[in-house]
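The values are calculated or read from the model by the stated rules, or taken from the named source; none is laboratory data. The shown structure was predicted, so the numbers you read here are calculated from the model rather than taken from an experiment. Cβ placement follows ideal geometry from the backbone for every residue including glycine, while neighbour counts extend to all protein chains displayed.
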Amino acid sequence: MCLGVPGLVVAVEGNVATVDFWGVRKQVLLDVVDAAVAPGDYVLNHVGFAIRRIPAGEARATLELYEQMLRDMPEDLMALDVRGEIAATEGPR
Amino acid sequence: MSVSPDASERLRFRDPAQAHRLAAVLARTVAEALAATGSERLAVMHVCGSHEQAIAKFGLRSLVPAALDVIMGPGCPVCVTDMPEIDEAVALADHGITVATYGDMYRVRGSGRSLADAHAEGAPVEVVYSVSQAVELARTSGREVAFFACGFETTAVTTAAALIGGVPANFSVLSAHKYVLPAMEVVAQLPESRIAAFLAAGHAATITGSAIFEPFAERYGIPVVVAGFEPLDVLAALVRAVEAIRDRDARVFNLYPRCVTSAGNVPAQARLWEVFECETGGWRGIASVPAGNIRLRETWRAHDARYRFAHVRPRGAAALAPDACICGTIMIGRAGPVDCSLFKTKCTPQDPVGACMVSSEGTCRIWHEYGGLPVLQSTR
């Protein structure tokens, strides 16, 4: 519940962004993000909402932890929380 | 269950050399801080389940000098949800109102039953991942849906945004949202508190900004370090916290600038406070926290389950949590899971007694998963 998960914006339509989470594309709401986002931006997401546009050049460091978890320990408690965050977003429409 | 040797092989810092350098700096700084303050031990408290996950998962306590206690405080919003709040949700479900809530909350007991218990007895309960899914449930089913909303300010922002974005008349919110800063004050004010610094949760601070902690740091003379979730982020934040203790420098330090600014996410704060206000109320294990509960403003009463269903009252309180359960003491950082006689024996993730064993952010649940002991698992 304290966790935010980073993802790459691939499309924006109104207040909905299509965000790529390690190959899985999901819809994320942009109602509360702190700055305008465009394809190519990374955003931090929490329960289906983008809460921060991650400054360019800083996304890499933010992604490392999540990539390691999702790659190495798919059934781990923390990895399951990350998966829950991704599941909180809507599927493609 | 501790992490298997096989897993520990793979759980490496992406930069082990830097981790060991930071650990060496931490050891030296702790020694200096002990000398400077004339203390035998130091305690730093964090208030975030995700921090505890990272600390336990990556075995960070093994890199921390024995004289430094890294303690989890009231950082699990599900765990601090008060039993009467859960009783309210269970009463709504018993009354035939569909209660939607996050999975972590589903199995936490109130003074009697959990939502899962009510569900098993036929009451309408749905687990959702987001407020949007609860709104969608109300829209498609046409039923009365009450979203039992928990979480700190980061999560409360999304509940607020959903209400502002427009919800059907049959959707309401039963808010158990909590505001973490007042709980830090309660801990700081505890008699004989030995917390010398706090780590603030990076993603909550993404919303609130780091400046919000400045009056707290000044009033209590306790430094606050905003920390990220990478193992190196946490280690670096501990070093900064101990430096500040050593230097008696009770300011706010932002060590997570890639996600946290001084002012925070201002548009999100505007939405949060347009919908919600803070009220004094109970937190499980901590008693009453001044301005610690986030509640709907009067203007949103049409969607406030407490007013919409004011006639639904919880049944008389049943037995309280067993005397042996020390969740409350654990949540204020005065005990650890291993101090509890029920831990791993009578209280397990499969059959939890206290809230700390239910949520993936509860201290007991995390220590049950990762061991929690200072065993070096992540560097070689």
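Can you tell me which residue in the stretch B:179-212 is nearest to the other protein chains (Cβ to nearest Cβ), limited to those that are under 17 Å from the mean Cα position of the chain (by Cα) and either of a type in the set (Ser, Thr, Tyr) or in a loop (DSSP other than H, G, I, E, B) (or both)?
Here the residue is B:206.
Being in a loop (DSSP other than H, G, I, E, B) and of a type outside the set (Val, Ile, Thr) narrows it down to one of B:350, B:269, so name that one.
Result: B:350 is the single residue among B:350, B:269 that is in a loop (DSSP other than H, G, I, E, B) and of a type outside the set (Val, Ile, Thr).
Among the residues of the stretch B:213-272, count how many are of a type outside the set (A, V, I, L, M, F, W, C), surrounded by fewer than 19 Cβ atoms within 10 Å (Cβ to Cβ), within 14 Å of chain A (Cβ to nearest Cβ) and out of contact with any Ser or Thr (no Cβ under 8 Å at 6 or more places or on another chain).
The qualifying residues number 2.
Consider only pairs whose beta carbons are under 7 Å apart and that are at least six residues apart or on different chains; among these, list those whose first residue lies in the stretch B:343-370 and is outside the structural domain of residue B:78 (by TED's automatic domain parsing) and under 20 Å from residue B:70 (Cβ atoms) and whose second residue is among the basic types (Lys, Arg) and buried (at least 22 other Cβ atoms within 10 Å of the Cβ).
Sorted first by the residue in the stretch B:343-370, then by its partner, the pairs are B:356/B:365; B:359/B:365; B:370/B:57.
Any residue in the stretch B:239-252 that is within 15 Å of residue B:48 (Cα to Cα), touching a residue at least 24 places away in the same chain (Cβ under 8 Å) and in contact with a strand residue (DSSP E or B) (Cβ under 6 Å, 6 or more places away or on another chain)?
no
Which of the residues that make up the stretch A:1-19 are out of contact with any Lys or Arg (no Cβ under 8 Å at 6 or more places or on another chain) and not β-branched (Val, Ile, Thr)?
Across the stretch A:1-19, the qualifying residues are A:1, A:2, A:3, A:6, A:8, A:11, A:13, A:14, A:15, A:17.
For residues that are surrounded by 24 or more Cβ atoms within 10 Å (Cβ to Cβ) and under 16 Å from residue B:172 (Cβ atoms), scanning just the stretch B:133-157, find the one that is nearest to the other protein chains (Cβ to nearest Cβ).
B:150
Go through the stretch A:1-22 and report how many residues are within 14 Å of chain B (Cβ to nearest Cβ), in a loop (DSSP other than H, G, I, E, B) and in contact with a helix residue (DSSP H, G or I) (Cβ under 9 Å, 6 or more places away or on another chain).
So the answer is 5.
Answer with yes or no whether residue B:31 is buried (at least 21 other Cβ atoms within 10 Å of the Cβ) and over 30 Å from residue B:314 (Cα atoms).
Criteria not met by residue B:31.
Here are the criteria: (1) within 14 Å of chain A (Cβ to nearest Cβ); (2) at pLDDT 90 or above. Tell me which single one residue B:361 does not satisfy.
Checking residue B:361 against (1) within 14 Å of chain A (Cβ to nearest Cβ); (2) at pLDDT 90 or above, the one that fails is (2).
Inspect all residues belonging to the stretch B:277-291 and state whether any of them is within 14 Å of chain A (Cβ to nearest Cβ), at negative phi and touching a residue at least 24 places away in the same chain (Cβ under 8 Å).
Checking the stretch B:277-291: not a single residue is within 14 Å of chain A (Cβ to nearest Cβ), at negative phi and touching a residue at least 24 places away in the same chain (Cβ under 8 Å).
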